[in-house]
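One structure is given below, encoded as structure tokens.
The values are calculated or read from the model by the stated rules, or taken from the named source; none is laboratory data. Note that the structure is a prediction, hence the values are computed from the model and not measured. Backbone-built Cβ (ideal geometry, glycine too); neighbour counts: all protein chains shown. These accessible areas exclude ligands, DNA and RNA; they are computed on the full protein's heavy atoms, side chains included. Shrake-Rupley method; radii C 1.70, N 1.55, O 1.52, S 1.80 Å.
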Amino acid sequence: MFSGIVAVVGEVRSLRRSSGGARIEVAGELPDEALALGESVAVQGVCLTVAALAAGGFAADLSPETLERTTLGGARAGTRVNLERAVRLADRLGGHLVLGHVDATATVVAARPASAFRVLRVGLPRALRAEVAEKGSIAVDGVSLTVSALGEDWFETALVPATLERTTLGALRPGGAVNLETDVLAKYVRRAAVSPRAGLAALLGELPDAAD
């Protein structure tokens with residue numbers, strides 16, 4: 001689990017595809033102690049497992065689903081990526097609870113300056129609309145952001161100077177693709193609204209599965 005607070009911007013060294021998926025190698029010096037095999041790292045908002053260690057970076061395996069459902073499928077050598085280590089239970093939660101399970105990719109509609117800020121408008125896929133609320137949280141390329149405005153098929157967020165400087169979001173332009181993850185609490189609320197018994201089971205882990 002992550003908080004959506006990017007630790008460092010890294011760079012893709014390589015992406016080698018195979019019949020069963022791909023292996024990505026990423027360069028990036030993450031803070032604290034050295035990475036360990038099996039550790040979880042969010043790369044552009046995608047939770048990956050460290051499969052190999054390299055000087056100044058690591059490698060991870062990408063499943064076919066990850067390649068299809070996230071922007072990592074289009075990554076190449078030199079692509080800049082947001083990196084975050086998994087949070088500890090005792091850590092401050094500066095953003096919101098982010099699982100690193102990307103729901104969908106979306107397209108940047110507009111990126112306009114507003115004083116020292118930049119307002120980002122992103123298309124909102126129909127399947128996610130019920131899980132996004134004004135003033136709620138959403139992760140864009142692994143960055144925890146607040147929804148400042150909401151339309152039928154888009155949302156906006158204001159990028160503060162620190163976000164523009166310390167993440168890849170400052171380089172986004174209209175037409176660019178981003179990874180989206182909605183707030184996990186919104187997922188459970190939506191599930192409970194569709195099927196109260198199944199939703200409560202998912203949230204509390206106390207009831208058996210039930211058909212809708």
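For segment 39-59, how many residues are at positive phi, buried (at least 22 other Cβ atoms within 10 Å of the Cβ) and out of contact with any helix residue (DSSP H, G or I) (no Cβ under 8 Å at 6 or more places or on another chain)?
1
Looking only at segment 185-201, decide whether some residue is open to solvent by 30 Å² or more (accessible area, probe 1.4 Å), under 18 Å from the mean Cα position of the chain (by Cα), at pLDDT 95 or above and more than 24 Å from G73 (Cβ to Cβ).
no
Collect the residues in segment 27-37 that are within 16 Å of E11 (Cα to Cα) and either in contact (Cβ under 8 Å) with a residue 40 or more places away in the chain or assigned to a loop (DSSP other than H, G, I, E, B) (or both), keeping them in residue-number order.
Of all residues in segment 27-37, those within 16 Å of E11 (Cα to Cα) come to 27-31.
Within segment 27-37, G28, E29, L30, P31 meet the criteria.
Would you mention how many residues in segment 18-38 are modelled with pLDDT of 95 or more, surrounded by fewer than 17 Cβ atoms within 10 Å (Cβ to Cβ) and charged (D, E, K, R)?
The qualifying residues number 1.
Please indicate, with yes or no, whether at least one residue in segment 60-70 is open to solvent by less than 20 Å² (accessible area, probe 1.4 Å), aliphatic (A, V, I, L, M), more than 18 Å from V102 (Cα to Cα) and at pLDDT 95 or above.
Start the filter on segment 60-70 by keeping residues that are open to solvent by less than 20 Å² (accessible area, probe 1.4 Å), which leaves 60, 62, 70.
Those still in the list that are aliphatic (A, V, I, L, M) too: 60, 62.
After this cut, where a residue has to be more than 18 Å from V102 (Cα to Cα) as well, the list is none.
Within segment 60-70, not a single residue is open to solvent by less than 20 Å² (accessible area, probe 1.4 Å), aliphatic (A, V, I, L, M), more than 18 Å from V102 (Cα to Cα) and at pLDDT 95 or above.
Could you check, for segment 38-52, whether at least one of its residues is without any contact (Cβ under 8 Å) to a residue 40 or more places away in the chain, of a type outside the set (A, V, I, L, M) and closer than 29 Å to V160 by Cα?
Within segment 38-52, none of the residues are without any contact (Cβ under 8 Å) to a residue 40 or more places away in the chain, of a type outside the set (A, V, I, L, M) and closer than 29 Å to V160 by Cα.
Could we say that L83 is within 15 Å of the chain's Cα centre (by Cα) and not in a helix (DSSP H, G or I) here? Talk me through it step by step, then tell me what you get.
On the way: within 15 Å of the chain's Cα centre (by Cα): yes; not in a helix (DSSP H, G or I): yes.
Yes; evaluated as a whole, the condition is true for this residue.
If you go through segment 114-127 one residue at a time, do you hit one that is among the basic types (K, R) and surrounded by fewer than 16 Cβ atoms within 10 Å (Cβ to Cβ)?
So far as segment 114-127 goes, yes, one or more of its residues are among the basic types (K, R) and surrounded by fewer than 16 Cβ atoms within 10 Å (Cβ to Cβ).
Which residue pairs have Cβ atoms under 7 Å apart, sit 6 or more places apart or on different chains, and have a first residue in segment 150-177 that is within 17 Å of A104 (Cβ to Cβ) and a second that is open to solvent by 20 Å² or more (accessible area, probe 1.4 Å) and polar (S, T, N, Q)?
As it stands, the answer is T157/T146; T157/S148; G175/T107; A177/T71; A177/T105; A177/T107, since those pairs meet every condition given.
Yes or no: V102 modelled with pLDDT of 95 or more, assigned to a strand (DSSP E or B) and surrounded by 12 or more Cβ atoms within 10 Å (Cβ to Cβ)? Show your work before the answer.
Values: modelled with pLDDT of 95 or more: yes; assigned to a strand (DSSP E or B): no; surrounded by 12 or more Cβ atoms within 10 Å (Cβ to Cβ): yes.
When the stated conditions are applied, V102 does not pass them.
When only residues in segment 147-184 that are over 15 Å from A127 (Cα atoms), assigned to a helix (DSSP H, G or I) and aliphatic (A, V, I, L, M) count, which is most open to solvent (accessible area, probe 1.4 Å)?
Out of the qualifying residues, it is A171.
For segment 1-16, what are the residues that are farther than 19 Å from D103 by Cα, open to solvent by 40 Å² or more (accessible area, probe 1.4 Å) and out of contact with any Leu (no Cβ under 8 Å at 6 or more places or on another chain)?
E11, R13, R16
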